[in-house]
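Below you'll find the structure, written out as structure tokens, and then a few comments.
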Amino acid sequence: QVQMVESGGGLVQAGGSLRLSCTASGLTFGNYAMGWFRQAPGKEREGVSCVSWSGDTTYYADSVKGRFTISRDNAKNTVYLQMNNLKPEDTAMYYCAAKRFVCGDLSRPADFDYWGQGTQVTVSS
């Protein structure tokens, strides 16, 4: 009975910001690394960012490094993705996902155990 629910997506102008949230239930949140993935129409699912179970280590795709920041609040069972200086190429459906303890390889989304339904991010030029 694990549930992952994303929120915070929307339509923004290039250069703008959004903050995505994902709240999990039905699992021991502090035992899971939390990742963000995205998928644009006709494209493969792409690993965007991940934070370890401890919150002490983070990973970012090269395409978003320096613009996006991942964080987690274990007391709220929530992971966040702060997205700044958004670009049209950031347009995608964004998904949060949970994996036991460590992030591993973000190019392997199948290694993540639980997934949310996604929240749409659209960036206009």
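In the chain, the portion of solvent-accessible area held by carbon and sulfur atoms comes to 46 percent [1.4 Å probe, whole percent, DNA, RNA and ligands not counted]. For the range 101-111, putting each phi into the Karplus relation 6.51 cos²θ - 1.76 cosθ + 1.60 with θ = phi - 60° gives couplings of 6, 10, 6, x, 9, 5, 6, 10, x, 5, 6 Hz, in residue order, rounded to whole numbers and with x for Gly and Pro.
For the range 10-84, trypsin sites (Lys or Arg not before Pro) meeting the loop criterion (DSSP other than H, G, I, E, B) and having at most 15 other Cβ atoms within 10 Å: 43, 65, 67. Around the Cα centre of the chain, unit charges on the Cβ atoms of Lys, Arg, Asp and Glu (plus for the first two, minus for the last two) sum to a dipole of about 140 debye. Between amide H atoms placed 1.01 Å from N, distances below 5 Å from residue 10 occur with 121, 122, all of them 5 or more places distant or on a separate chain. Remark: the chain carries 51 Å² of accessible area per residue (probe radius 1.4 Å; ligands, DNA and RNA excluded).
The values are calculated or read from the model by the stated rules, or taken from the named source; none is laboratory data. Everything numeric here is computed off the predicted structure, so don't read it as measured data. Cβ atoms come from the backbone with ideal geometry, glycine included; neighbour counts cover every protein chain shown. With ligands, DNA and RNA removed, areas are computed over all heavy atoms of the protein, side chains included. Shrake-Rupley method; radii C 1.70, N 1.55, O 1.52, S 1.80 Å.
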